[in-house]
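The values are calculated or read from the model by the stated rules, or taken from the named source; none is laboratory data. Note that the coordinates shown come from a computational prediction; the quantities given were computed from them, not determined experimentally. FYI the Cβ positions are ideal-geometry reconstructions off the backbone, even for glycines, and counts take in every protein chain you see. What goes into the accessible areas is simple: the full protein's heavy atoms, side chains included, and nothing from ligands, DNA or RNA. Shrake-Rupley method; radii C 1.70, N 1.55, O 1.52, S 1.80 Å.
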Amino acid sequence: MRKTHRIMTFVLCAAAALTMVSGCGGKKGDASSPGGEDGVFTIAYAPNESTTESADARNGMAEDLKEVLGCGVEEIQASDYNAIIEALRTGKADMAYMGSQALALGVERTDLEPIVMKAEEGDKEKAIYHSVLITSSSNDAIDSIEDIKGKTIAFVDPDSTSGNLVPTAEIIQAFPDEELNSDMLHTNGDFFEAVSFSGSHQAGLQAVIKGDVDVVPISDQILASEIANGNAAEGDVKIIHESAAIPTEAIVVAEHVSQETRDTLREFLTAYDNEEYFADVIKVPGARFVECDMSDYQEIIELNKIINDF
């Protein structure tokens, strides 16, 4: 990975291994049926969308979609975004909800297609969010991004957009004289005293509240959701930096999904108005899905190629 002297506005998100429920085996080959050979249409979610609060809402959408597709619908929880990509590639998942960096990595490995993206109030102009760096409100040594050198940090996941890639780029931009690159920011003792991965935005938030680490990056929408759900108090943390806008997460379909099914899914999702789903799974009350295509993520895809030297 080459050194990066100028920051990119957006950056990456996606990688690692999948924990799938039994019975969701390969279904490749039967494009005529939405459920494939096993008669079940499978949706993959990452840990951020697989919390206790979101289970009923996810199941609710699965039940609604079952009526539309005329086949069984189930959700699987992936351990990370790389696992979701692999499930889509191998036919073990038909549809997935993923961030822009995961999408950028995914197109390098399989012919997935984004069909809708989340947008606050269903307004595509608001189909953006931010990565914020936070620290404990009681940490008097850190008040801005310029104070984080030599501290401890827990990124979310190597392939998280707002939990790793964007904050990595923002830190590089904030310290131009250091001539930083991603490897340096993820190696103990190079720029940070210690670097770790929390596994989820929620876990990172709790780690900084407890004082286990000094700084964590988190999606501003997930932070707001955690506070609204009572999992953290607004006064527990302080935001020391906010990134530039990032395109929101998309629902993507796998290469083997037929055009007829894609059209049905797009129509269903853009009309879907189950508020519980958007509040608990999508983490933005009042949000709705709006149509999108690969062009909405092209800048992220190109930046991913540059940073990873594809």
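Any idea which of (1) in contact (Cβ under 8 Å) with a residue 12 or more places away in the chain; (2) open to solvent by 10 Å² or more (accessible area, probe 1.4 Å); (3) more than 30 Å from Ile43 (Cα to Cα) is the one Glu226 doesn't satisfy?
Failed condition: (3).
Any residue that is more than 19 Å from His256 (Cα to Cα) and either buried (at least 21 other Cβ atoms within 10 Å of the Cβ) or at pLDDT 60 or above (or both) - is there at least one of those in segment 21-42?
Checked against the condition, which is being more than 19 Å from His256 (Cα to Cα) and either buried (at least 21 other Cβ atoms within 10 Å of the Cβ) or at pLDDT 60 or above (or both), segment 21-42 yields no hits at all.
For the condition open to solvent by less than 60 Å² (accessible area, probe 1.4 Å), modelled with pLDDT under 95 and farther than 18 Å from Val166 by Cβ, what is the one hit in Glu74, Glu63, Glu108?
Answer to the check: Glu74.
Any residue that is within 21 Å of Asp157 (Cβ to Cβ), open to solvent by 50 Å² or more (accessible area, probe 1.4 Å) and touching a strand residue (DSSP E or B) at 6+ places or on another chain (Cβ under 8 Å) - is there at least one of those in segment 231-248?
yes
Of everything in segment 165-184, what is more than 19 Å from Ser219 (Cβ to Cβ) and either free of Cβ contacts under 8 Å to residues at least 60 places away in the same chain or in contact with a Ser or Thr (Cβ under 8 Å, 6 or more places away or on another chain) (or both)? Give them in sequence order.
If the condition is that a residue be more than 19 Å from Ser219 (Cβ to Cβ) and either free of Cβ contacts under 8 Å to residues at least 60 places away in the same chain or in contact with a Ser or Thr (Cβ under 8 Å, 6 or more places away or on another chain) (or both), then Ile172, Phe175, Asp177, Glu178, Leu180, Asn181, Ser182, Met184 are the ones that fit.
Picking from Glu291, Glu302, which residue would you name as being closer than 14 Å to Glu120 by Cα and open to solvent by 50 Å² or more (accessible area, probe 1.4 Å)?
Glu291
So which of Ser79, Ser54 is of a type in the set (Gly, Ala, Ser) and surrounded by 20 or more Cβ atoms within 10 Å (Cβ to Cβ)?
Ser54 is the lone residue from the list that is of a type in the set (Gly, Ala, Ser) and surrounded by 20 or more Cβ atoms within 10 Å (Cβ to Cβ).
Quick check on segment 263-272. Is at least one of its residues under 16 Å from the mean Cα position of the chain (by Cα), part of a helix (DSSP H, G or I) and among the aliphatic types (A, V, I, L, M)?
For segment 263-272, residues under 16 Å from the mean Cα position of the chain (by Cα), part of a helix (DSSP H, G or I) and among the aliphatic types (A, V, I, L, M): absent.
Surrounded by 23 or more Cβ atoms within 10 Å (Cβ to Cβ) and either aliphatic (A, V, I, L, M) or modelled with pLDDT of 95 or more (or both): does that describe Asp94?
yes
So is Lys151 within 15 Å of Phe197 (Cα to Cα) and more than 16 Å from the chain's Cα centre (by Cα) or not?
It is true that Lys151 is within 15 Å of Phe197 (Cα to Cα) and more than 16 Å from the chain's Cα centre (by Cα).
Mind checking which residues of segment 253-288 are open to solvent by less than 40 Å² (accessible area, probe 1.4 Å) and among the small types (Gly, Ala, Ser)?
Ala254, Ser258, Ala279, Gly286, Ala287
From the residues in segment 185-219 that are β-branched (Val, Ile, Thr) and in a helix (DSSP H, G or I), which one is nearest to the chain's Cα centre (by Cα)?
Val208
Within the set of pairs 6+ apart or on separate chains, which have a first residue in segment 98-121 that is assigned to a loop (DSSP other than H, G, I, E, B), a second that is open to solvent by 10 Å² or more (accessible area, probe 1.4 Å) and at pLDDT 95 or above, and C-beta atoms under 6 Å apart?
Listed pairs, sorted by first residue: Arg109/Arg89; Thr110/Arg89; Thr110/Glu255; Asp111/Glu255.
Could you list, in sequence order, the residues of segment 273-297 that are outside any loop (DSSP other than H, G, I, E, B), at pLDDT 90 or above and either closer than 19 Å to Glu113 by Cα or out of contact with any Pro (no Cβ under 9 Å at 6 or more places or on another chain) (or both)?
Selection gives Glu276, Tyr277, Arg288, Phe289, Val290, Glu291, Met294, Ser295, Asp296, Tyr297.
Can you list residue pairs whose Cβ atoms sit under 6 Å apart, with the first residue in segment 243-262 being closer than 14 Å to Pro114 by Cβ and part of a loop (DSSP other than H, G, I, E, B) and the second being open to solvent by less than 30 Å² (accessible area, probe 1.4 Å) and small (Gly, Ala, Ser)? Count only pairs 6 or more apart in sequence or on different chains.
These pairs meet every condition: Thr248/Ala127; Glu249/Gly99.
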